[in-house]
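The values are calculated or read from the model by the stated rules, or taken from the named source; none is laboratory data. On a predicted model such as this, the values are computed, not experimentally measured, just so you know. Cβ placement follows ideal geometry from the backbone for every residue including glycine, while neighbour counts extend to all protein chains displayed.
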Amino acid sequence: MSDYHSQTQSVPTGRADMAVDAGLRAFMLGVYNKMAVGLLLTGVLAYVVGTTPALMAAIFSGPQAYLVMFGPLAILLISSFAMRNPSPAAANIVYWSVVTLIGIGMGALVYAYAGIPNGMVLVAKAFLITSATFGGLSLWGYTTKRDLTGFGTFLIMGVIGLVIASVVNMFLQSDALSFAISIIGVLVFAGLTAFDTQRLKYTYYALGGDQRAMSVATTFGALSLYINFINLFQFILSLLSPRN
């Protein structure tokens, strides 16, 4: 990240030439398109699994449930350490594996909300709010002249804090703590959405037209924004949901 940032200092602060602008737009459009397809696949998988009792039983009634729950995190951790110079194909395997497992896992969410009054209305409302929030924050991250690089460490610490607090609340079962976690979660992933969008701009300039590297960056950029969207959606849904 620091390398990307340092290299972008050579980018003119004035208006870039038309070729650079067009290239950046194409790069970002590729990121958003891949993210959108990932979200679509997630929604389809979640709906199919959550509305099919046989699938719910087959997936969540045995040790395979742990693969669904912890598989995405394991893939992200292993790939971050093992893939120093990933190929476009390897990056795609990581992306679609994470998206597929998260989609299957969110079948449990669909199943749970389908069983409560107006549950699916809450899900739809949370999705619309998330989409509007994400779109606004990503646009701001893309257009702002303010350097957001310094917020990266703070936001990552926020994510770690959320994980720890969530694990603690699994034992405490505190509604107040759950509410606080949701509020902080929205703020943290809202910040990450703007931060990652700007980081992708820095990445584009740092890669200097290397098509292979840009293909990989497109996939991992889509993955970062996808994860931000999913987490933002879950925290917003939690805030909209009844506490009892």
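Table: residues versus (1) of a type outside the set (Ser, Thr, Tyr); (2) within 25 Å of SER87 (Cβ to Cβ); (3) in contact with a Pro (Cβ under 7 Å, 6 or more places away or on another chain).
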residue: GLY191; (1), (2), (3): yes, no, no
residue: ASP196; (1), (2), (3): yes, yes, no
residue: TYR204; (1), (2), (3): no, yes, no
residue: GLY208; (1), (2), (3): yes, yes, no
residue: ALA213; (1), (2), (3): yes, yes, no
residue: THR218; (1), (2), (3): no, yes, no
residue: TYR226; (1), (2), (3): no, yes, no
residue: PHE229; (1), (2), (3): yes, no, no
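Restricting to the range 100-131, count the residues that are hydrophobic (A, V, I, L, M, F, W, C) and over 26 Å from ALA190 (Cβ atoms). Spell out the reasoning first.
So in the range 100-131, the residues hydrophobic (A, V, I, L, M, F, W, C) come out as 101-102, 104, 106, 108-110, 112, 114, 116, 120-124, 126-129.
From the residues that got through so far, the ones that are over 26 Å from ALA190 (Cβ atoms) too are 104, 114, 116.
Final tally of qualifying residues: 3.
In summary, THR133 fulfils each of the numbered conditions (1) modelled with pLDDT of 95 or more; (2) touching a His at 6+ places or on another chain (Cβ under 8 Å); (3) not small (Gly, Ala, Ser) with the single exception of condition (2). For the range 166-188, the set of residues classified as touching a helix residue (DSSP H, G or I) at 6+ places or on another chain (Cβ under 6 Å), surrounded by fewer than 17 Cβ atoms within 10 Å (Cβ to Cβ) and among the aliphatic types (A, V, I, L, M) consists of LEU177 only.
Conditions (1) within 19 Å of LEU232 (Cβ to Cβ); (2) of a type outside the set (Asp, Glu); (3) at pLDDT below 95, marked per residue:
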{"residue": "GLY38", "(1), (2), (3)": "yes, yes, no"}
{"residue": "SER80", "(1), (2), (3)": "no, yes, yes"}
{"residue": "ILE102", "(1), (2), (3)": "yes, yes, no"}
{"residue": "GLY107", "(1), (2), (3)": "no, yes, no"}
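Restricting the range 193-228 to residues that are surrounded by fewer than 22 Cβ atoms within 10 Å (Cβ to Cβ) and among the small types (Gly, Ala, Ser) leaves a set whose member that is modelled with the lowest pLDDT is GLY209.
Residues that are touching a residue at least 40 places away in the same chain (Cβ under 8 Å) and either within 16 Å of the chain's Cα centre (by Cα) or under 22 Å from ALA222 (Cα atoms) (or both) number at least 3 in the following helices (runs of 4 or more DSSP H) confined to the range 71-158: 88-105, 119-143.
Being modelled with pLDDT of 95 or more, within 28 Å of LEU29 (Cβ to Cβ) and out of contact with any His (no Cβ under 6 Å at 6 or more places or on another chain): is that true of TYR111 here? Spelling it out, it is not the case that TYR111 is modelled with pLDDT of 95 or more, within 28 Å of LEU29 (Cβ to Cβ) and out of contact with any His (no Cβ under 6 Å at 6 or more places or on another chain). Is it the case that SER166 is among the polar types (S, T, N, Q) and within 12 Å of the chain's Cα centre (by Cα)? Against the criterion (among the polar types (S, T, N, Q) and within 12 Å of the chain's Cα centre (by Cα)), SER166 does not qualify.
Here's the yes/no breakdown for (1) over 21 Å from the mean Cα position of the chain (by Cα); (2) part of a helix (DSSP H, G or I); (3) at pLDDT below 95:
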| position | (1), (2), (3) |
| --- | --- |
| SER10 | yes, no, yes |
| GLY14 | yes, no, yes |
| ASP21 | yes, yes, yes |
| MET28 | no, yes, no |
| THR42 | no, yes, no |
| LEU45 | no, yes, no |
